[in-house]
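The values are calculated or read from the model by the stated rules, or taken from the named source; none is laboratory data. The structure displayed is predicted, hence computed values, not measured ones. Positions of Cβ are generated from backbone atoms using ideal geometry, with glycine treated the same way; all protein chains shown enter the neighbour counts. Side chains included, ligands, DNA and RNA excluded: accessible areas come from the protein's heavy atoms. Shrake-Rupley method; radii C 1.70, N 1.55, O 1.52, S 1.80 Å.
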Amino acid sequence: MPFVSSRSAVVAATTLSALLLGTAGVHAEEPAHKVSDPDISVAKVMRHLDALQKISDANNGNRAHGTPGYQASLDYVKGKLDAAGYKTSIQEFEFGGKKSWNLIADWPHGGRSGKVLMVGAHLDSVDTGPGINDNGSSVGAILETALTVSAKKVSPSHHLRFAFWGTEEETYIGSTHYVNTLPKSELSKISAYLNFDMIGSPNPGYFVYDQSPEIARHFQAFFDAKGIPTEPATALNGRSDHEPFLAKGVQVGGIFTGSAEVKTPEQAAKWGGTAGEAMDKCYHLACDTPANINQHTLDVNSDAIAAMVWKLGVRK
Ligand code: DPN
Ligand code: ZN
């Protein structure tokens with residue numbers, strides 16, 4: 001069976017050269033611009049949300065700043081990323097007399113452009129609930145995107161860096177600390193910062209950050225292809241981790257599905273759901289559990305995140 005044997009010879013040679021080059025099997029054969037968008041499994045994202053809920057259950061019903069529930073959340077995410085081959089680091093800071101940490105995960109392959117694409121989500125909850133839509137939803141989606149980069153052995157054109165922020169719920173303390181302590185030479189390498197905060201709201205809207213028209217257009221194209229109309233994410237202005245990046249002149253983008261804002265009849269007509277009700281009636285409450293998640297919305301938005309990472313980071 002010559003086909004099989006020549007194939008295994010190719011595999012062996014590829015493995016050998018990968019070992020020699022120290023790239024641990026990361027593909028170089030496929031031209032970067034041809035790599036297609038991945039399909040992120042919402043079932044896998046939900047498993048991360050279930051794990052975060054368990055952590056909350058074991059820690060007085062929250063994963064807030066300064067609590068063991070926050071530390072356990074960080075350990076969970078770090079464990080997954082370390083096992084997938086990320087270079088993780090923990091950045092410590094203090095707020096209100098209590099220590100907290102950002103988790104930063106760098107993909108050690110690719111990056112020939114010299115630019116960095118950053119993708120972030122806050123990892124803390126408020127102290128009044130488990131924080132599964134806010135913001136386990138985005139943590140799960142960007143974590144699963146990062147794990148997909150690893151599973152597909154991607155060699156991206158930009159360096160990929162995933163950030164899990166501490167203490168966002170006290171007005172984005174962790175991301176502010178990161179940006180303020182990052183050397184200027186490092187800040188200038190960041191081509192864009194993509195922020196995700198609440199992406200699986202139960203009575204969802206589809207909102208796109210409008211600070212960068214270029215990034216907004218790319219998200220728009222993704223939702224256009226799915227026949228989903230969008231609105232600008234103005235309700236999130238001044239209220240999440242993209243703000244410190246914006247203040248330093250970094251291009252920011254992201255998507256959002258709504259919090260306490262009440263859905264209008266016009267919005268219900270185009271997106272479904274219930275007019276006159278909050279987009280997330282469990283916002284900052286104990287009922288923000290996995291049962292509070294709209295899994296269809298989380299599925300679409302997880303794919304939107306991955307598509308944007310591939311567009312702005314992998315193929316760029
Ligand atoms: N997660 C943010 C929110 O609830 O909107 C926390 C926040 C509030 C951050 C207000 C900044 C300003
Ligand atoms: Zn919040």
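For the range 136-165, a tally of residues being within 12 Å of ligand 2 (Cβ to nearest atom) and under 16 Å from Thr88 (Cα atoms) returns 1.
The helices (runs of 4 or more DSSP H) found entirely in the range 1-102 that carry 3 or more residues being open to solvent by 60 Å² or more (accessible area, probe 1.4 Å) and modelled with pLDDT under 95 are 2-21. Restricted to the range 166-194, and to residues there that are outside any helix (DSSP H, G or I) and over 12 Å from Val250 (Cα atoms), the residue that is farthest from ligand 2 (Cβ to nearest atom) is Pro183.
Residues checked against (1) closer than 16 Å to Asp75 by Cα; (2) free of Cβ contacts under 8 Å to residues at least 24 places away in the same chain; (3) within 13 Å of ligand 1 (Cβ to nearest atom):
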{"residue": "Ile104", "(1), (2), (3)": "yes, no, no"}
{"residue": "Trp107", "(1), (2), (3)": "no, no, no"}
{"residue": "Lys115", "(1), (2), (3)": "no, no, no"}
{"residue": "His122", "(1), (2), (3)": "yes, no, yes"}
{"residue": "Ser138", "(1), (2), (3)": "no, no, yes"}
{"residue": "Ser150", "(1), (2), (3)": "no, no, no"}
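Only one of the numbered conditions (1) more than 16 Å from ligand 1 (Cβ to nearest atom); (2) of a type outside the set (Ser, Thr, Tyr); (3) open to solvent by less than 10 Å² (accessible area, probe 1.4 Å); (4) within 21 Å of Leu52 (Cβ to Cβ) is not met by Glu144, and that is (3). When you look at Ile199, is it touching a strand residue (DSSP E or B) at 6+ places or on another chain (Cβ under 8 Å) and either at pLDDT 95 or above or open to solvent by 60 Å² or more (accessible area, probe 1.4 Å) (or both), yes or no? Yes, satisfied. Pairs linking a residue in the range 54-65 that is under 16 Å from Asn135 (Cα atoms) to a residue that is open to solvent by 30 Å² or more (accessible area, probe 1.4 Å) and acidic (Asp, Glu), with Cβ atoms under 8 Å and 6 or more positions apart or on different chains, are Asn62/Asp127; Ala64/Asp127; Ala64/Glu169; His65/Asp127; His65/Glu169; His65/Glu170.
Being part of a helix (DSSP H, G or I) and within 11 Å of ligand 2 (Cβ to nearest atom) is the filter; apply it to the range 126-135 and report the residue that is surrounded by the fewest Cβ atoms within 10 Å (Cβ to Cβ). Only one residue fits best here, namely Asp134. Only one of the listed residues (Ala51, Ala105, Ala64) is small (Gly, Ala, Ser) and closer than 30 Å to Lys34 by Cα. That residue is Ala105.
If the condition is being acidic (Asp, Glu) and touching a helix residue (DSSP H, G or I) at 6+ places or on another chain (Cβ under 7 Å), then the range 115-143 contributes only Asp124.
Restricting attention to the range 120-169, the residues that are among the aliphatic types (A, V, I, L, M), in contact with a His (Cβ under 8 Å, 6 or more places away or on another chain) and closer than 20 Å to Lys189 by Cβ add up to 1. Taking each residue of the range 261-286 that is farther than 13 Å from Met198 by Cβ and within 14 Å of ligand 2 (Cβ to nearest atom) and looking for partners that are modelled with pLDDT of 95 or more and not in a loop (DSSP other than H, G, I, E, B) with beta-carbon atoms closer than 8 Å, six or more apart or interchain, yields nothing.
For Ser201, the conditions (1) within 16 Å of ligand 1 (Cβ to nearest atom); (2) part of a helix (DSSP H, G or I); (3) in contact (Cβ under 8 Å) with a residue 60 or more places away in the chain all hold with the exception of (2).
Of the residues making up the range 258-274, one or more are surrounded by 13 or more Cβ atoms within 10 Å (Cβ to Cβ) and within 19 Å of the chain's Cα centre (by Cα). The sole residue among Gly238, Gly249 that is at positive phi, open to solvent by 10 Å² or more (accessible area, probe 1.4 Å), more than 16 Å from ligand 2 (Cβ to nearest atom) and in a loop (DSSP other than H, G, I, E, B) is Gly249.
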